[in-house]
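These notes concern the structure reproduced below.
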Amino acid sequence: MSLVYSGVLSHAPGITGRADLVKNVALRDEFYARLEQQRQEILASGAEALIVMAAEHFANFFMNNMPAFCVGIGETYSGPIEDPEWLKIQKTTVSGAPDLGVRLVREIMQTVDTAYAEEWKFDHGIMVPLHFLTPHYDLPIIPVNINCQGPPLTPLHRAWAFGEAIRRAADSVPEKIAVVGTGGISHWPATPDSGKINEAWDREFLDRLMRQDKEALLSYSDEETYRDAGQGGFEIRTYIAAAAAAGGKGDLQFYTPDLPIFAVGCTVASFAIE
Amino acid sequence: MSLYYLQKFLYELNRDDGAQERYREDLDGLMKDFVLTDEERGALQNGDIGLLYVLGVNGQILMHYAAFLGIEWFDYLEQMRQGIEKYGPVRAGVYTMTGGGDSFTVEEKEKRK
């Protein structure tokens with residue numbers, strides 16, 4: 001078995017960019033401490049590469065050619081595309097894992113028609129997780145996008161199948177691989193409603209996720225998600241894929257709706273690899 | 001169809017240093033590469049976040065554009081609200097306003113006091 005870690009975390013740009021605006025500093029720092037714990041868990045797993053399954057925000061893909069899935073096989077990546085002062089993350093170059101990426105893509109393609117890309121610019125959806133999980137950018141990264149932005153979106157059951165394909169691919173190579181899914185649960189980002197969170201919806205979703213209740217997880221329609229969890233809720237695809245890759249029950253290490261200045265219910269969790 | 005090119009303009013601007021340079025030096029020339037209405041061209045010339053929001057530009061694309069323009073976070077939220085007041089509800093897309101214009105953070109409410 002070479003998948004050695006699977007987890008999820010939030011990635012909203014406010015987590016770094018608006019850190020100084022937060023009133024509840026103690027809760028912010030508790031969240032940061034949980035992210036540091038996640039970094040240490042990935043480090044302890046011996047992971048040689050980190051797959052970041054993200055909800056890309058138009059840094060690479062547009063409606064002229066929108067893939068349902070894409071896997072990065074580049075040697076290096078650059079980011080963030082956003083103003084560094086706005087995101088509070090400086091522009092940098094991140095190492096990829098091209099040889100490993102190609103082998104993973106070959107195996108994933110046996111069951112899922114993924115696109116692949118040798119070029120990829122990182123936006124906050126990947127840069128914020130990297131800021132916490134590999135702050136020195138010394139772990140090779142394989143970026144993955146699941147289309148959560150440009151409708152028609154990737155169906156949830158395909159996100160699950162993709163997670164299973166990631167797992168099968170990771171187990172087919174000798175390298176130790178960690179994977180994280182990163183996105184929001186309910187949130188209304190990039191609207192005047194930024195900061196709106198449906199805590200009850202979040203907790204129900206997280207309960208389904210931690211229990212690995214596949215049927216319940218895949219039962220959300222996009223219409224229901226949009227109504228109850230906002231357009232940001234479409235990013236549950238990344239969490240669902242991480243659960244499918246892991247196979248084991250989840251451990252919800254942190255969730256709070258009480259940092260709305262970050263525009264998302266802040267979440268950290270890991271799954272047992274089974 | 002025009003909204004597609006308006007968003008594509010901003011998508012390419014947001015991700016490309018060369019496009020950002022052209023934006024600063026020759027915005028009109030840069031816009032000629034895209035099929036845009038007069039209203040859309042005006043919104044870009046004026047950096048009118050409120051109108052771009054109402055026109056239905058995807059929120060993530062618009063947020064990155066606002067950051068590129070150096071607009072402070074709470075001002076950016078307020079400019080979207082003012083856009084709705086001035087131009088009416090969001091005309092397309094999924095980034096509509098559902099909260100009636102309220103703020104959802106204590107930090108913003110305190111700043112507006």
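Below, the figures for the structure above:
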item	result
Some residue of segment A:191-214 being closer than 22 Å to residue A:263 by Cβ, touching a residue at least 40 places away in the same chain (Cβ under 8 Å), crowded, with 20+ Cβ neighbours inside 10 Å and among the basic types (Lys, Arg)	yes
Selection status of residue B:40, within 23 Å of residue A:84 (Cβ to Cβ), away from chain A (no Cβ under 14 Å) and either touching a Cys at 6+ places or on another chain (Cβ under 8 Å) or of a type outside the set (Gly, Ala, Ser) (or both)	no
All positions within segment A:66-112 that are in a loop (DSSP other than H, G, I, E, B) and not hydrophobic (A, V, I, L, M, F, W, C)	A:67, A:74, A:75, A:80, A:82, A:83, A:88, A:90, A:91, A:96, A:110, A:111
Unique match (being closer than 30 Å to residue B:110 by Cβ, within 14 Å of chain A (Cβ to nearest Cβ) and among the acidic types (Asp, Glu)) among B:72, B:12	B:72
Those helices (runs of 4 or more DSSP H) lying entirely in segment B:43-113 with at least 1 residues in contact with an Asp or Glu (Cβ under 7 Å, 6 or more places away or on another chain)	B:49-55, B:59-68, B:73-87
Selection from segment A:127-163 of residues that are part of a helix (DSSP H, G or I) and within 14 Å of another protein chain (Cβ to nearest Cβ)	A:127, A:128
Lone qualifier among A:238, A:267, A:256 - being in contact with a helix residue (DSSP H, G or I) (Cβ under 8 Å, 6 or more places away or on another chain), of a type in the set (S, T, N, Q) and under 18 Å from residue A:162 (Cβ atoms)	A:238
Wholly within segment A:205-255, helices (runs of 4 or more DSSP H) carrying at least 2 residues that are aliphatic (A, V, I, L, M) and under 16 Å from the mean Cα position of the chain (by Cα)	A:236-246
Any hit, segment B:90-106, residues being within 10 Å of the chain's Cα centre (by Cα) and within 7 Å of chain A (Cβ to nearest Cβ)	no
Looking only at segment B:1-42, and only at residues there that are among the aliphatic types (A, V, I, L, M) and outside any helix (DSSP H, G or I), the one that is surrounded by the most Cβ atoms within 10 Å (Cβ to Cβ)	B:36
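Throughout, read-outs are computed from the coordinates displayed, never taken from laboratory work. Worth saying up front: this structure is predicted, and the values here are computed from it rather than measured. Glycine gets a Cβ as well: all are built from the backbone with ideal geometry, and neighbour counts include every protein chain shown.
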